[in-house]
Amino acid sequence: MEINQEFHVTYFDADCGRIRTEVFDTMAAAELFASRSITGEDSWAVVDAVPVQQEQLAA
């Protein structure tokens, strides 16, 4: 059973005042999204690498 990773970006969406999460296949895409999500002094974003088992990918 092969284990892969996906990358979750949790960030504060200042437009609606909520915390949101987006999922990406690559760290580069996640980091790019995170950096673009930080638009002001109160903005923040966190990138987490999350292991995903191969059978979950097929679901």
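The order of 20, 36 by accessible area, most exposed first and with a 1.4 Å probe, is 36, 20.
Using a cut-off of 14 Å between beta-carbons, work out the net charge of the residues near residue 42 (Lys and Arg +1, Asp and Glu -1, residue 42 not included). Please list the in-between numbers first.
On the way: positive: 18; negative: 13, 15, 41.
Around residue 42, the surrounding residues sum to -2.
Taking Lys and Arg as +1 and Asp and Glu as -1, the other residues whose beta-carbon sits under 13 Å from that of residue 6 total -3.
The values are calculated or read from the model by the stated rules, or taken from the named source; none is laboratory data. Small disclaimer: the values here were computed from a predicted structure and weren't measured. Glycine also receives a Cβ, built like all others from the backbone with ideal geometry; neighbour counts cover every protein chain displayed. Just so you know, the surface numbers come from the protein's heavy atoms only, side chains and all, with ligands and any DNA or RNA stripped out. Shrake-Rupley method; radii C 1.70, N 1.55, O 1.52, S 1.80 Å.
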